[in-house]
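The next block holds one structure in the form of structure tokens; read it before the comments.
The values are calculated or read from the model by the stated rules, or taken from the named source; none is laboratory data. Keep in mind it's a predicted model, so treat the numbers as computed, not measured. Here the Cβ positions follow ideal geometry from the backbone for every residue, glycine too, while neighbour counts run over all protein chains shown. When the accessible area is computed, the model is the full protein with side chains, heavy atoms only, and any ligands, DNA or RNA have been set aside. Shrake-Rupley method; radii C 1.70, N 1.55, O 1.52, S 1.80 Å.
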There are 2 protein chains.
Amino acid sequence: MISLANEYYPSRNIRETVLARRREPVVWSNKAPSSSISKDAVNHYQKNGFVVLPNLISGKLLRILQQEMHDLREQYKGSRDEIVINEPDSNTVRTLFNLPSMSQVFDELSRHPALLGFARHVLDSEVYLHQTRLNYKSGFDGKEFYWHSDFETWHVEDGMPAMRAVSCSVLLTDNNEFNGPLLVIPESHKTYVGCVGETPDENFKSSLKTQQIGTPSPESLSMLTQKAGGLESIKGAAGSVIFFDSNLLHGSAGNISPFARANVFMVYNSVENKLGSPLHGLKPRPEYLAHRQQVSTLTPIQ
Amino acid sequence: MISLANEYYPSRNIRETVLARRREPVVWSNKAPSSSISKDAVNHYQKNGFVVLPNLISGKLLRILQQEMHDLREQYKGSRDEIVINEPDSNTVRTLFNLPSMSQVFDELSRHPALLGFARHVLDSEVYLHQTRLNYKSGFDGKEFYWHSDFETWHVEDGMPAMRAVSCSVLLTDNNEFNGPLLVIPESHKTYVGCVGETPDENFKSSLKTQQIGTPSPESLSMLTQKAGGLESIKGAAGSVIFFDSNLLHGSAGNISPFARANVFMVYNSVENKLGSPLHGLKPRPEYLAHRQQVSTLTPIQ
């Protein structure tokens, strides 16, 4: 167990909220990005902690991904497989994990040259997939996701050493102001917020439905929002891609609109940032949530 | 009890969703509006079922209203008075009813010449207050309100005969895309949607927290949204005023943002549309929800 004294990013076992300045770079590479990556996009990512690449995926590939999503949700409907998370009050498939292992289409998406190229650039290394999932927010009753930093969870529950991972969200439906788009606190990736609250065993079994542990205090959320001059909601057409830093505070409101929302979520982690032991003596989470075995270096599709 | 055969706007006791064409006018007056009321505003209201009057209230009056809201919420904190509704999971005051009887400031607001003038024009008669409330949606955990037509509830549970009432919402905080603004289906006021589901006794005790009875089917919501070409969210600065028709379908998402949202909600009803018996033998709801005794004709303040 790592003691608090040695732990730069403490959480869960603390009595009061801890704010710590991020110690890692946001963009690890000092080189100019290759020609396929916009320098403006990298700069926006560095400053704000996220960037949107509108309509990066389009045409036939987008339609194939949408069809694959539809087929997988049908295939796993009513399944009790642990890689399936249902909406709290219904049988609707809300999340499916481990996409590349069940779908060639999603395997190839994770190795799309533009996506992989961006991840390798900002992490300045070879990368592997830490976690992948299909996030489906149904119309009329899609549930909210409360504010959190992914890194906080991955550090505590998965033993991810450093902020050297980048999340990629590929929009499979339009994300608009009505269907619970991703909300972010810009620039919050520069501050680590340690959270109060003991982590129960197998916390993931409830936290994937409603996150209650590992959530920042209202005061820290207000302070960081004020510092940023406000929130941003990330809207975009199907096929748009969002990259966001592992420590960016984000969440999303519920969806009462008739418009379902679906996104693919893939986390690229540096091969130099592979998982260690979780903090506080916690047991490692299952492989589908945090890869320790399936950690192949990704190669771009041709 | 009114039989279904004679009931033009049936609901609750039906087996399938009923869609009926609205039979009343939206704007009852045929005359040109007086000079203080914009003809464009009336036209927008007639066509879409709502209109926003930006920054109608400002300066000292706005600050007085905001202070009064703050004072009343403090005064009723922890109160078990029936006019107080708390958030489902906390002691936070979410709704306070019957504002004019507890506050001279809100009494005068309800008789503000611009507000009263608009209501009298669209209803083409003298008016009284059917219901008044302060709606407070807290930051971080403000709850959603699912889609509904107010008229559906007022018709079934209060015996309101006709669509001759107009709701007025005065924004006491900024309403933005993050803090659960009013969402509307434009033009839905022209269609009555009868809802499936028996009404339990004293339904208001739960429906004011989470509405489950009197909600339109997903299919009817999708159809009307498509017909309208989409939803609209009503955003505006504190002091802005929204008028919306009693039959307009509306709702609001939850609020995970740090920004609390507070609005005053006042329903003007025509004196020619006073309440009769509720449908299906239901008992009349309490006076603070649906005035039968306090029905004084409103006179403008000087």
Which is of a type in the set (G, A, S), within 18 Å of the chain's Cα centre (by Cα) and within 30 Å of B:P258 (Cβ to Cβ), of B:S169, B:S79, B:S90?
B:S169
Evaluation of B:F243 against (1) within 18 Å of the chain's Cα centre (by Cα); (2) more than 13 Å from chain A (Cβ to nearest Cβ); (3) within 20 Å of B:G197 (Cβ to Cβ) (one fails), failing number:
(3)
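Do you know which residues across the range B:22-63 are of a type outside the set (A, V, I, L, M, F, W, C) and touching a strand residue (DSSP E or B) at 6+ places or on another chain (Cβ under 7 Å)?
The initial filter retains those residues of the range B:22-63 that are of a type outside the set (A, V, I, L, M, F, W, C), namely B:22-25, B:29-31, B:33-36, B:38-40, B:43-49, B:54-55, B:58-60, B:63.
B:R22, B:H44, B:Y45, B:G49, B:P54, listed by residue number.
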Looking at A:E87, A:E68, A:E7, can you tell me which residue is in contact with a Ser or Thr (Cβ under 9 Å, 6 or more places away or on another chain), at pLDDT below 95 and on the phi < 0 side of the Ramachandran plot?
A:E87
Single match in A:P286, A:P300, A:P278 (criterion: over 30 Å from B:F178 (Cβ atoms), more than 14 Å from every other protein chain (Cβ to nearest Cβ), in contact with a helix residue (DSSP H, G or I) (Cβ under 7 Å, 6 or more places away or on another chain) and open to solvent by less than 40 Å² (accessible area, probe 1.4 Å)):
A:P278
Kindly list the number of the only condition in (1) touching a Pro at 6+ places or on another chain (Cβ under 8 Å); (2) under 30 Å from A:D141 (Cβ atoms); (3) surrounded by 19 or more Cβ atoms within 10 Å (Cβ to Cβ) that fails for A:S233.
(3)
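Based on this model, can you work out whether B:L183 counts as over 15 Å from the mean Cα position of the chain (by Cα), of a type in the set (A, V, I, L, M) and within 15 Å of B:N263 (Cα to Cα)?
Values: over 15 Å from the mean Cα position of the chain (by Cα): no; of a type in the set (A, V, I, L, M): yes; within 15 Å of B:N263 (Cα to Cα): yes.
It is false that B:L183 is over 15 Å from the mean Cα position of the chain (by Cα), of a type in the set (A, V, I, L, M) and within 15 Å of B:N263 (Cα to Cα).
Identify all residues within the range B:14-72 that are β-branched (V, I, T), assigned to a helix (DSSP H, G or I) and closer than 29 Å to B:M102 by Cα; write none if there are none.
Taking the range B:14-72 as the starting set, the residues that turn out to be β-branched (V, I, T) are B:14, B:17-18, B:26-27, B:37, B:42, B:51-52, B:57, B:64.
Of the ones still in play, those that are also assigned to a helix (DSSP H, G or I) are B:42, B:64.
Correct list: B:I64 only.
What are the residues in the range A:246-260 that are more than 9 Å from chain B (Cβ to nearest Cβ) and more than 16 Å from the chain's Cα centre (by Cα), if any? If you could, list the steps in order and put the result at the bottom.
Taking the range A:246-260 and keeping what is more than 9 Å from chain B (Cβ to nearest Cβ), we get A:246-250, A:260.
Of everything in the range A:246-260, just one residue is more than 9 Å from chain B (Cβ to nearest Cβ) and more than 16 Å from the chain's Cα centre (by Cα), namely A:A260.
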Looking at the range A:75-100, which of its residues are under 30 Å from A:P33 (Cα atoms) and touching a helix residue (DSSP H, G or I) at 6+ places or on another chain (Cβ under 9 Å)?
A:L99, A:P100
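What's the total number of residues in the range A:1-51 that are open to solvent by 50 Å² or more (accessible area, probe 1.4 Å) and of a type outside the set (K, R)? Before you say what the answer is, go through the steps one by one.
Going through the range A:1-51, the residues open to solvent by 50 Å² or more (accessible area, probe 1.4 Å) turn out to be A:1-6, A:8, A:13, A:15-17, A:19, A:21, A:23, A:25, A:28, A:30-32, A:34-36, A:38-40, A:43-44, A:46-47.
Those still in the list that are of a type outside the set (K, R) too: A:1-6, A:8, A:13, A:16-17, A:19, A:25, A:28, A:30, A:32, A:34-36, A:38, A:40, A:43-44, A:46.
Total satisfying the criteria: 23.
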Is there any pair with a first residue in the range B:124-143 that is farther than 21 Å from B:M266 by Cβ and a second that is of a type in the set (A, V, I, L, M) whose Cβ atoms are under 7 Å apart and which are 6 or more apart or on different chains, and what are they?
B:S138/B:A260; B:G139/B:A260; B:F140/B:I256
Being hydrophobic (A, V, I, L, M, F, W, C), under 14 Å from A:F243 (Cα atoms) and open to solvent by 10 Å² or more (accessible area, probe 1.4 Å), is that true of even one residue in the range A:167-182?
yes
Would you say A:K143 is open to solvent by less than 40 Å² (accessible area, probe 1.4 Å), touching a strand residue (DSSP E or B) at 6+ places or on another chain (Cβ under 8 Å) and within 21 Å of A:N176 (Cβ to Cβ)?
no
Of the residues that make up the range B:251-270, is at least one hydroxyl-bearing (S, T, Y), under 27 Å from B:A20 (Cβ atoms) and not in a strand (DSSP E or B)?
no
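Restricting to the range A:121-136, give me the number of residues that are open to solvent by 10 Å² or more (accessible area, probe 1.4 Å) and either within 14 Å of chain B (Cβ to nearest Cβ) or under 29 Å from A:P10 (Cα atoms) (or both). Walk me through it before giving the result.
If we filter the range A:121-136 for residues that are open to solvent by 10 Å² or more (accessible area, probe 1.4 Å), which is where we start, we get A:121, A:124-126, A:129, A:133, A:135-136.
After this cut, where a residue has to be either within 14 Å of chain B (Cβ to nearest Cβ) or under 29 Å from A:P10 (Cα atoms) (or both) as well, the list is A:121, A:124-126, A:129, A:133, A:135.
Total meeting the criteria: 7.
If a residue must be assigned to a helix (DSSP H, G or I) and either without any contact (Cβ under 8 Å) to a residue 40 or more places away in the chain or loosely packed, with under 12 Cβ neighbours inside 10 Å (or both), how many such residues does the range A:73-92 contain?
Qualifying residue count for the region: 2.
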If the Cβ limit is 7 Å and pairs must be 6+ apart or interchain, which residue in the range B:222-237 that is away from every other protein chain (no Cβ under 12 Å) pairs with which residue that is of a type outside the set (A, V, I, L, M) and open to solvent by less than 40 Å² (accessible area, probe 1.4 Å)?
B:G236/B:N175
